[in-house]
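Right, one structure below, let's go through it.
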Amino acid sequence: MPSSMQALDVGDVQRICSGQSIPDASIALKELIENALDACATQIVIRFEEYGKTTIEVLDNGTGIPSENHATLAQKNHTSKIALFEDIKTVQSFGFRGEALSSICQLALELTICTKTAQDAMGTLLKYDSCGKLLEKSSKARGMGTTVTVRGLFNPLPVRCRDFHRNIKKYYSKALKVIQTYALISTNVKFIASNRMGTRQQIVLSTECTVDTDRFRAMKITIASVFGMKFLKTLVPFQLNATSTHEKRTYGYISQIGMGAGRSDSDRQFLYINGRPIDAPKLTKAIHEVWRQFEMRQYAAYVIDFQVPSEDLDLNVTPDKRTVFFRHENEIIETLKTQLIEIYEPAKRIYTVQPLLTKEKTPACSQTTSVIEKEVVVGSPETRKKDLQPNSVTPQESGDAFETVFAQMCPRKRAKFRQDQPSPKKMYTSEIVSGWTLSSLRDARNRFFREEVFLGKRLSDKGPILQEEGISDELLHRVFQKNDFERMEIIGQFNLGFIIAKYDEKDLFIIDQHASDEKFRYESLQRSTVLHHQPLVRPLSLQLTTTEEMIILDHLQVFQKNGFTFEMDAQAQSNKLRLLSLPLSKETQFGIEDLRELISLLQDYPSNIESLRLSKVASILASRACRSSVMIGTALSKAEMTRIVHKLTGLEQPWNCPHGRPTMRHLFDIAALE
C-alpha cells in the first residue's frame, strides 16, 4: 500500500465506478431498455438465458447507431445526448452520462452490439473489450434497430458473480419488475420478454402497443396487458390539472376504495416524472397518508405520471437516476392530497350514533354522574350554544378518551387540559350514564385505545402544556424495553379492565388486561396453529406469471403448511401448476386471492417465511385469541395481574393487540405529583 497519495490508473478508476453504476442485473437491463427507448423503438424484445446467468439480450427496432459512433460507443463518458453540463436542465432522454455500456463492458465477459440505421445497407456487428475499445467490426444481416448482447455478467467479479448465481431467481424477478415498470408508462412500445432454459424458450411477458393519443386509454390498455383486466377493474382514473405555471397535467390510475380493492402489499406502486420511473418517498408518503384515512388494511396500487417542466428537475442525483429533486414539491404534494381526498371522500363510511341528549353545557367533572363523551366539547360560546338534534349522525373524531376515562383520578389536571385545547369546528353531545357499567366501560376503552400512541412516551398532546410549565423536552419521553415488563410492580386493578403498574419507582403505567392477554394468546396461536386443507373436486389451472410459479416451487412446504397443495402438468407450455386444495376453516372461505397474497408475502419477506400468515388467517387467530382472553369486567388477583404483565416480555411484539390497540400507556411521572 503506497504511503503517499497518487493518481489511480484509468482502468482501475473505471472498474471502481462501473461497480457502482451497475450493482445488479436489473440495473444493467434498465440501462439497455432506456437506450432502446431513447432510440424511438416501438418494439423491445428482452431475452434471458438461464434467468440471465449466461446471457441477457435486448433487441429493438429503433433508429440504430450511426457508423461514426461505433468506435466510441462503449467509451467512458461518451454520449450523444448532451454536449454541455447545462444541457442536463432540458434533457428529454433517459440516458445522458455515457456510462452504461462502458460499465457493462467492465463487468461482463463479452459485450456485442449488432446495429443498422435507415441509411445502412447491412447491419454491423461490433465486439468490445473490457475497456470499451472496439475489437471487431463485421457485416451482418439485420433490420433497422439495435441488438445488445451481454454474456457472463459479473464473471470478472468473483464475489458478486457468486451472489448473482446463488440468488439468480431473485435478481431475475427484479429484472422482470424493471420490464413491467417501463412497459406501464411506454404505452406506444410493445415489450416481449422470454427466458430460455436449454432448448426450451418461454414467453414470460408480452404487452400491447397502442397509438391512442388519449393517455388514459393508452395506459388502461397497457395496465391490462401487464397485470390483467381483473386488476385494472380495481383502479380508478386519477389526474391533476395544472394550477400554476410550474405544473403540467398529471395522470394515472389508483386503487379505488371498497371491498376487494387495494392489495395486501405495496408491490404495485409506480411513480413517474415525465415518463421516467422514480423513487419519491414524499409523494409515496402523501398517497399513503390519504389512503390510510379511508382504508386501514390494504395498500394502494397506482401508476401515476407527474408532468413537470424539465427545467424544474434535477435528474443527476444517483447513478440509477431514480432519485429526482424538483421545485415546488410541497405545492404538488398538497394538490395531490387534496385531489385524492376528493376522489375518496364519497366512499367514506358514515356510522350512526346512538340517540343523543341535547346539552348546552358539558357537566363538570365534579358531578356525581360519570360522563362518557362522544367527543371533547370545548369551544367558543357559539359552538357551545349550538343545538344538536336527537338521532343525528355525527362523524367520530379522535378525542383524548384517556382524559375522559380517568377524569376522577386527576380532576383538576383534566380541567386545565380541556381549557387549553383549541376550539373544535363541531360540537358533540355527551351520553350521561349513572355510574360505571360494563357496557359503558367497554365503549370508553375502545375509544381510548383507538388512538394511535407510542409506547414508552408521554402523551404527545401534553407536550405544549408541560413545556409552558418549564419542563425540558428530555423529561417528556420514556424508553421502555420488552424485558422491563418483568421489573414492573403491580399496584392494582382499575375499573375491572386495566392494570396499574409502577416502573423504576417513578413512572406509573396503565395496562389493558384484555389486550395484553389477547396478544399473548395470539402469538401462541401463530406459532402452533396448522391449517387443514380441503381437496378440490377437480384440479384448478392457475393463471400465474413465471415469477409466481417459481416462488411456489421454491416454497412448497410453506404453501402446504398454509393449506395449499399443487400438482405439475409437465405437458403444458405455460401455467403448469394446478391447485389441488385450499385451506379449510369453519369461519372463513379461502380462494385464489389468498394464494396470490401468500405469494406476495414470500416475495417481499423471503427471510421471514416461518411467521408469515394470510390476512384472513391472522383475523381468525385474532378472533380466537380475543374470545379466550381475560375479559373487561373480570376481577383479577395480584398473581394473575403479575402473570399477564410478565408474559409480555416473551412476546415478539407486545406493544399492540392483534386489532391494533396499544397494550400499555404511560399515566404520569409520580415525582411530578410531589
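The numbers here are math on the coordinates, done by the rules we state, and not lab data. None of the values given here were measured: they were computed from a predicted structure.
Each residue of region 222-230 was assigned a 3J(HN,Hα) from its phi angle through the Karplus curve 6.51 cos²θ - 1.76 cosθ + 1.60 (θ = phi - 60°); the sequence is 5, 4, 5, 6, 8, 10, x, 5, 4 Hz, with glycine and proline shown as x. Of the cross-linked pairs 30/116; 53/169; 30/576; 170/321; 53/170, those separated by over 20 Å at the C-alpha level are 30/116; 30/576; 170/321.
Taking amide H positions as modeled 1.01 Å from N, with prolines and chain starts lacking one, the residues under 5 Å from residue 493 and 5 or more places away or on another chain are 500.
Antiparallel beta bridges, as assigned by DSSP with both residues in region 234-347, represent about 75 percent of the total such bridges. Rounded to whole numbers, the Karplus 3J(HN,Hα) couplings from phi for region 644-649 are 4, 5, 5, 5, 5, 4 Hz, using 6.51 cos²θ - 1.76 cosθ + 1.60 with θ = phi - 60°, and x at Gly and Pro. Across region 234-347, Cα pairs under 8 Å and at least six residues apart give a relative contact order of 31 percent. Each Cα pair under 8 Å and six or more residues apart adds its separation to the average, and for region 10-206 the resulting relative contact order is 27 percent.
Under a 5 Å amide H cut-off, with hydrogens placed 1.01 Å from N, residue 582 pairs with 534, 536 among residues at least 5 apart or on other chains. For region 563-570, putting each phi into the Karplus relation 6.51 cos²θ - 1.76 cosθ + 1.60 with θ = phi - 60° gives couplings of x, 9, 10, 9, 9, 9, 9, 5 Hz, in residue order, rounded to whole numbers and with x for Gly and Pro.
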